[in-house]
Amino acid sequence: QVQLVESGGGLVQAGGSLRLSCAASGRTFSDYAMGWFRQAPGKEREFVAVISQSGDDTPYADSVKGRCTISRDNAKKTMYLQMNSLKPEDTAVYYCGAKLHLATTRPKRYQYWGQGTQDTVST
């Protein structure tokens, strides 16, 4: 089992940047594929970016490709999401998720979740 805690969200103007962190505790972090997902009011949770256990595989949603970078530091048991050129449509609660075995873009396949961090992008 693993516990996840997100941080780094906040209010930023359009065009700005945010860096989200997801700190893990519990079982060996490097056993888990990790992902960032987001949920806007009235919408389902959606895939943003995921990262394999080694960090070699990092698919991104088309909506954030070229603007976001996912990374992980297995020694620090932490995953990151650097978001640049933010747009108002990026406003959502951002969640990190963890799952054993292969990374997937499907949020329902993730067994463990953090509490979420609110990102708000103003015009």
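Side notes on the structure shown:
- Most mobile of Lys43, Lys77, Lys65 in a GNM of the chain (Cα contacts under 10 Å): Lys43
- Potential lengthening of the chain between Ser17 and Leu100 amounts to 26.9 nm, from the contour at 0.36 nm per residue minus the alpha-carbon distance.
- Measuring max minus min along each principal axis, the C-alpha atoms of region 57-123 give extents of 39, 24, 23 Å (largest first).
- Evaluated at q = 0.14, 0.15, 0.16 Å⁻¹, a Debye calculation over the C-alpha positions of the chain (equal weights, vacuum) places log10 I(q)/I(0) at -0.51, -0.59, -0.67.
- Heavy-atom accessible surface of region 1-115, averaged per residue, reaches 52 Å², computed with a 1.4 Å probe.
- Inter-probe distance in nm under a simple model that places probes 7 Å from Cα toward Cβ, at Asn74 and Lys108: 3.1
- Segment Lys87-Gln39, length gained on full extension (0.36 nm per residue, minus Cα span): 15.8 nm
- Measuring from each cysteine beta-carbon in the chain, the ones with no other cysteine beta-carbon under 4.7 angstrom are Cys68.
The values are calculated or read from the model by the stated rules, or taken from the named source; none is laboratory data. Note that the structure is predicted; figures quoted are calculated from it, not measured. Positions of Cβ are generated from backbone atoms using ideal geometry, with glycine treated the same way; all protein chains shown enter the neighbour counts. Protein only, heavy atoms only, side chains kept; ligands, DNA and RNA dropped before computing areas. Shrake-Rupley method; radii C 1.70, N 1.55, O 1.52, S 1.80 Å.
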